Amino acid sequence: LSVQDHYVEVVTTRGRELLLMRLSDAIAETEGCAGLQVHRSHWVALDQVQAAHRDGARAVLTLSDGREIPVSRTYVPAAKEAGLLV
């Protein structure tokens, strides 16, 4: 899930869709799907994270579709706890 203006972009293995809703509401709809908010504009499903690396002080997750998602400093501890970052 990613925020674009007032829309949430939902990307799944079946395609992409833009929905007019808040990210917090979209995250609530993912109940039962293991995932983590890693940035104020991004939530990722844990099974779609293929790699993680640091670009200087910046942490970045690479998803199965090749997109790179930044992990903000606020969410680094949660990403470490989830095993996404070392």
*Label points 7 Å out from Cα along the Cβ direction at R67 and C33: separation in nm?*
1.1
*Taking the Cα centre of each part, how many Å lie between the stretch 26-79 and the stretch 5-21?*
16
*What shape does the stretch 38-79 take by its C-alpha gyration tensor, where a ≥ b ≥ c are the square roots of the eigenvalues and a/c under 1.5 counts as rounded, a/b above b/c as prolate, and the rest as oblate?*
oblate
*At a Förster radius of 25 Å, what calculated FRET efficiency corresponds to the Cβ-Cβ distance of D25 and A51, to the nearest 0.05?*
0.30
*Express in nm, to one decimal, how much length is gained between S41 and V60 on full extension, taking 0.36 nm for each residue of separation and deducting their alpha carbon distance.*
5.5 nm
*Can you tell me the dipole magnitude for the chain around its Cα centre, using point charges on the Cβ only (Lys, Arg +1; Asp, Glu -1), in Debye to the nearest 20?*
320
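All of the numbers you see were taken from the coordinates with simple rules; none came from a lab. This one's a predicted model, so the numbers in the text were calculated from it and none came from an experiment. Note: ideal-geometry Cβ built from the backbone for every residue, glycine included; neighbour counts use all protein chains shown.
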